[in-house]
1. If the chain between residue 267 and residue 249 were fully stretched, how many nm would it gain, using 0.36 nm times the residue separation less the Cα-Cα distance?
2. Picking from 67, 83, 122, which is most flexible by a Gaussian network model of the chain using Cα springs under 10 Å?
3. Between residue 93 and residue 69, what is the label-point separation in nm under the 7 Å Cα-to-beta-carbon projection?
4. State log₁₀ I(q)/I(0) for the chain at q = 0.14, 0.16 Å⁻¹ as given by the Debye formula over alpha-carbon point scatterers of equal weight, solvent excluded.
5. Defining a contact as two alpha carbons under 8 Å apart and six or more residues distant in sequence, what relative contact order in percent does the range 49-123 show?
6. Which pairs break 30 Å Cα to Cα here: 64/88; 64/245; 64/247?
7. Where is the GNM fluctuation largest for the chain (alpha-carbon springs, 10 angstrom cutoff): 193, 126, 201?
8. Figure the gain on full extension for residue 122 and residue 59 (residue separation times 0.36 nm, minus the Cα-Cα span) and round it to one decimal in nm.
Amino acid sequence: MHIVGYFAAIFIGLSLGIMGGGGSILTVPVLVYLMGVSPVLSTAYSLFVVGSTSVVGASGYFRKGLVSLKTAVVFLIPSLLAVFAVRKLLMPAIPHELFTLGSLVFTKDLLVLVAFAVLMVVAATSMIRSKQAEEVLDEELHHKHAFNYPLILGIGLVVGTLTGFVGAGGGFLIIPALVLGARLPMKLAVGTSLAIIALNSLIGFTGDLSAGTPIAWTFLLGFLAFALMGIVLGTYLARFIPGAKLKPAFGWFTLAMGTFILLRELVFSH
């Protein structure tokens, strides 16, 4: 299964390189179901993998001048505080066993997986409707002009909390917030989103390190190497394959994965 997991890591990087986001939503399921890592530890590993691959993706956008530093800073103020607090304080404080519902024992690991599966379903819906959503965002961009600080700060807080809890980047929330709240064109929003995800995820991972989470560095760096191979290949293929056309198909795949996790963890395993 580990060999399949490493191929899946390449696929994660590949999708990030072609679509500029989305692929990181698969990191936790791959680590849990293919690599045998516990759900809570998988969220920590995911932060490192997602953060590192997003650095590579964001650097390409930065070189093209497609990262808005002002917007990133405003967004990151609440987001970084939230993600660090969740990883260092909240996650270690959650008890292993939360409650029992009939024969179902709701543990900390189960809570993380269920929350992650719900996030996958929401993200999948966003990807499936991506073309329609982008048209709506572009239309909104022409009707509003003010930099909406409350919206940017509020979404930053929400994304930081989600990133810290489930180890996912949250690009499907960040990009609409940047377009509607900061008036950024779509390409600039994507580049800025990758920069935000990179810093958010890596700062969240430092929360795990400071909380004493045990890290298997050899395994983690090996997994990251395969994901980086994928993002380099994906960035090259993006010249020939339009990412917008792949997003709905990837969204349906993500929806199926999220549904599978919910059924497996809440129905079939008990």
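1. Details: separation 18, 0.36 × 18 = 6.48 nm, distance 2.64 nm.
Length gained, residue 267 through residue 249: 3.8 nm.
2. Highest fluctuation of the listed residues: 122.
3. Rounded to a tenth, the inter-label distance reads 3.6 nm.
4. -0.94, -1.24
5. Values: 20 pairs, mean separation 9.4, N = 75.
Here the relative contact order equals 13 percent.
6. Working: 64/88 35 Å; 64/245 23 Å; 64/247 23 Å.
Check vs 30 Å cut-off fails for 64/88.
7. Looking only at 193, 126, 201, the biggest GNM fluctuation is shown by 126.
8. On the way: separation 63, 0.36 × 63 = 22.68 nm, distance 2.76 nm.
Full-extension gain reported as 19.9 nm.
The values are calculated or read from the model by the stated rules, or taken from the named source; none is laboratory data. As the structure is a prediction and not an experimental result, all values here were calculated from the model. Because the Cβ atoms are built from the backbone with ideal geometry, glycine has one as well, and the counts that use them run over all protein chains shown. What goes into the accessible areas is simple: the full protein's heavy atoms, side chains included, and nothing from ligands, DNA or RNA. Shrake-Rupley method; radii C 1.70, N 1.55, O 1.52, S 1.80 Å.
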